[in-house]
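Each remark here refers to the structure printed beneath this line.
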Amino acid sequence: MTLHRPLAVVAALSGALAVLIGAFAAHGAGPAVKTLLNTGGHYLMVHALLGLACAAWPGRSRLVEIAGALALLGGWVFCLALALIGWTSTPAFGAVAPIGGVLMIGAWLLLALAAFRGKAGVR
């Protein structure tokens, strides 16, 4: 198994950011911001794990690499949009969050397609 190193690095950094955001939500954020940070941090962590899974995917294809990149980009966009809503009290960032959501959904669909197609000899 070979590891897609750039994807793994960004995924690991995403996991670290998710923990930092969760810690701030638990210990430093006001009640209104706390929910937004928890939600954003949760989605970022889930998609950091998806990015790591794609980085280590056996028989990795271009579709899997794109899925990993979309998962990480979508996680960051979604998480940071929610954080900016809370930190700046600017609801306009709410228009950005769905872009992250669409990217995350696209990542899962591409991974499903890659798994469906598969490669001969990979189980």
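Quick notes
- Close contacts from segment 1-21, counting a first residue that is free of Cβ contacts under 8 Å to residues at least 40 places away in the same chain and a second that is in a helix (DSSP H, G or I) and surrounded by fewer than 21 Cβ atoms within 10 Å (Cβ to Cβ), with Cβ to Cβ under 8 Å and a gap of 6+ residues or different chains, come to 15/45; 15/49; 19/45.
- Which listed residue, of 13, 50, is part of a helix (DSSP H, G or I), crowded, with 16+ Cβ neighbours inside 10 Å and not aromatic (Phe, Trp, Tyr): 50
- Count of segment 54-65 residues which are part of a helix (DSSP H, G or I) and surrounded by 17 or more Cβ atoms within 10 Å (Cβ to Cβ): 5
- Checking segment 38-46 against the condition returns no match, with no residue being surrounded by 17 or more Cβ atoms within 10 Å (Cβ to Cβ), in contact (Cβ under 8 Å) with a residue 12 or more places away in the chain, out of contact with any Lys or Arg (no Cβ under 9 Å at 6 or more places or on another chain) and not in a helix (DSSP H, G or I).
- Total residues in segment 73-108, condition in contact with a Ser or Thr (Cβ under 9 Å, 6 or more places away or on another chain) and without any contact (Cβ under 8 Å) to a residue 40 or more places away in the chain: 2
- Only listed residue being over 14 Å from residue 15 (Cα atoms), at pLDDT 95 or above and part of a helix (DSSP H, G or I), chosen from 76, 108, 87: 108
The values are calculated or read from the model by the stated rules, or taken from the named source; none is laboratory data. Because the structure is predicted, anything quoted here is derived from the model rather than measured. Quick reminder, even Gly has a Cβ in these numbers, built from the backbone with ideal geometry, and neighbours come from all protein chains shown.
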